[in-house]
Amino acid sequence: MNIFRLAGDMTHLLSILVLLLKIYATKSCSGISRKTQELYAIVFVARYLDLFTDFISVYNTFMKVVFIASSLAIVWCMRFHPMVRRSYDRELDTFRHYFLVGASFALALILHEKFTVQEIFWAFSIYLEAVAILPQLVLLQRSGNVDNLTGQYIFFLGAYRAFYILNWIYRYLTEPHFTRWIACVSGVVQTALYADFFYYYFISWKNNSKLKLPA
Amino acid sequence: TEQTEGHDEL
């Protein structure tokens with residue numbers, strides 16, 4: 001564990017807390033893509049199949065449980081909570097996310113570290129996480145306006161990815177055999193998807209104005 | 001090159 005990895009995990013956790021706070025405090029999920037949230041739930045369940053077979057640390061196990069539970073809770077709220085579900089921007093959230101699931105799984109069958117069920121699901125989760133933000137970015141682009149909490153949620157998610165890249169650079173320089181092509185290449189792709197959002201986020205921050213994305 | 005065993009990242 002290095003400082004970048006810890007900062008990445010903490011901003012990831014923070015992003016989920018901000019999202020839960022938004023949903024809980026405003027009883028609304030407007031501006032949030034349910035499809036992206038469903039993809040994250042699939043990502044965590046698929047990736048943490050090793051929860052019962054490999055023990056790494058208490059920290060590791062705790063975080064895995066938090067990520068699985070929070071992502072399922074968010075999807076549950078958006079689908080079934082009587083007030084929250086009413087605020088869902090159904091007509092804006094039309095990205096065909098099942099294609100992402102299919103393509104990621106196909107890629108995992110071709111590119112994986114080992115040909116085992118767990119490893120294929122692990123690779124699948126890495127590929128799917130890389131593109132899972134797309135429905136969310138498309139929804140924001142369509143609605144144009146981004147409320148503060150939604151903007152911060154995506155900012156922290158992007159920060160989490162940026163810190164993971166620093167973590168890999170650090171590990172590459174300090175660990176003799178650190179070569180993780182699948183995770184690193186997917187991670188760079190994932191972070192690149194946030195570049196546009198970050199650009200407009202910083203502009204609005206600099207001008208102290210409301211975050212707006214161009215149509 | 002040798003690979004670190006298991007996936008230690010989240």
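Read-outs: derived from the displayed coordinates by stated rules, not from any lab. Please read all numbers here as calculations on a predicted model, not as lab measurements. Positions of Cβ are generated from backbone atoms using ideal geometry, with glycine treated the same way; all protein chains shown enter the neighbour counts.
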**Request:** Could you please find all residues in the range A:92-124 being within 14 Å of chain B (Cβ to nearest Cβ) and not in a helix (DSSP H, G or I)?
**Result:** A:His112, A:Glu113, A:Lys114, A:Thr116
**Asked** Does any residue of the range A:132-151 turn out to be surrounded by fewer than 21 Cβ atoms within 10 Å (Cβ to Cβ) and in a loop (DSSP other than H, G, I, E, B)?
**Response** yes
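Considering only the range A:194-215, how many residues are surrounded by fewer than 18 Cβ atoms within 10 Å (Cβ to Cβ) and either assigned to a helix (DSSP H, G or I) or hydrophobic (A, V, I, L, M, F, W, C) (or both)?
First, pick out the residues of the range A:194-215 that are surrounded by fewer than 18 Cβ atoms within 10 Å (Cβ to Cβ): A:195-196, A:198-200, A:202-210, A:212, A:214-215.
Those still in the list that are either assigned to a helix (DSSP H, G or I) or hydrophobic (A, V, I, L, M, F, W, C) (or both) too: A:195-196, A:198-200, A:202-206, A:215.
The qualifying residues number 11.
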**Asked** Any chance the range A:158-165 includes a residue that's over 19 Å from A:Thr36 (Cβ atoms), touching a Phe, Trp or Tyr at 6+ places or on another chain (Cβ under 6 Å) and surrounded by 17 or more Cβ atoms within 10 Å (Cβ to Cβ)?
**Response** yes
**Asked** If you take just the helices (runs of 4 or more DSSP H) that sit entirely in the range A:1-80, which of them hold at least 2 residues that are farther than 26 Å from A:Gly144 by Cα and of a type in the set (Val, Ile, Thr)?
**Response** A:34-47, A:58-80
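For A:Tyr127, indicate whether it is farther than 30 Å from A:Thr26 by Cα and either among the aromatic types (Phe, Trp, Tyr) or assigned to a loop (DSSP other than H, G, I, E, B) (or both).
Numbers: farther than 30 Å from A:Thr26 by Cα: yes; either among the aromatic types (Phe, Trp, Tyr) or assigned to a loop (DSSP other than H, G, I, E, B) (or both): yes.
Answer is yes for this residue.
Yes/no per residue for (1) surrounded by fewer than 20 Cβ atoms within 10 Å (Cβ to Cβ); (2) closer than 20 Å to A:His12 by Cβ; (3) within 13 Å of chain B (Cβ to nearest Cβ); (4) in contact with a Leu (Cβ under 7 Å, 6 or more places away or on another chain):
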| residue | (1), (2), (3), (4) |
| --- | --- |
| A:Thr36 | no, yes, no, no |
| A:Tyr40 | no, yes, yes, no |
| A:Pro82 | yes, no, no, no |
| A:Arg90 | yes, no, no, no |
**Request:** Exactly one condition in (1) assigned to a helix (DSSP H, G or I); (2) more than 13 Å from A:Ile133 (Cβ to Cβ) is not met by A:Thr179; state its number.
**Result:** (1)
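Looking at A:Gly187, is it out of contact with any strand residue (DSSP E or B) (no Cβ under 7 Å at 6 or more places or on another chain), more than 14 Å from chain B (Cβ to nearest Cβ), assigned to a helix (DSSP H, G or I) and crowded, with 17+ Cβ neighbours inside 10 Å? Don't jump to the end; show me each part of the working.
On the way: out of contact with any strand residue (DSSP E or B) (no Cβ under 7 Å at 6 or more places or on another chain): yes; more than 14 Å from chain B (Cβ to nearest Cβ): no; assigned to a helix (DSSP H, G or I): yes; crowded, with 17+ Cβ neighbours inside 10 Å: yes.
So A:Gly187 does not fit the description; no.
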**Asked** Residues of the range A:95-127 being touching a residue at least 40 places away in the same chain (Cβ under 8 Å) and either in contact with a Pro (Cβ under 9 Å, 6 or more places away or on another chain) or not aliphatic (A, V, I, L, M) (or both), which ones?
**Response** A:Phe95, A:His97, A:Leu100, A:His112, A:Glu113, A:Gln118, A:Phe121, A:Trp122, A:Phe124, A:Ser125, A:Tyr127
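Is it the case that A:Phe95 is within 25 Å of A:Val146 (Cβ to Cβ), buried (at least 16 other Cβ atoms within 10 Å of the Cβ) and touching a Lys or Arg at 6+ places or on another chain (Cβ under 6 Å)?
On the way: within 25 Å of A:Val146 (Cβ to Cβ): yes; buried (at least 16 other Cβ atoms within 10 Å of the Cβ): yes; touching a Lys or Arg at 6+ places or on another chain (Cβ under 6 Å): yes.
Criteria met by A:Phe95.
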**Prompt:** Among (1) part of a helix (DSSP H, G or I); (2) within 12 Å of another protein chain (Cβ to nearest Cβ); (3) more than 30 Å from A:Ser143 (Cα to Cα), where does A:Tyr170 come up short?
**Reply:** (2)
**Complete:** A:Ser71 vs (1) surrounded by 21 or more Cβ atoms within 10 Å (Cβ to Cβ); (2) in contact with a Cys (Cβ under 9 Å, 6 or more places away or on another chain): all pass except (2)
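Give the residues of the range A:44-64 that are touching a Phe, Trp or Tyr at 6+ places or on another chain (Cβ under 8 Å) and more than 10 Å from chain B (Cβ to nearest Cβ), sorted by residue number.
Hits for the range A:44-64 are A:Ala46, A:Leu49, A:Thr61.
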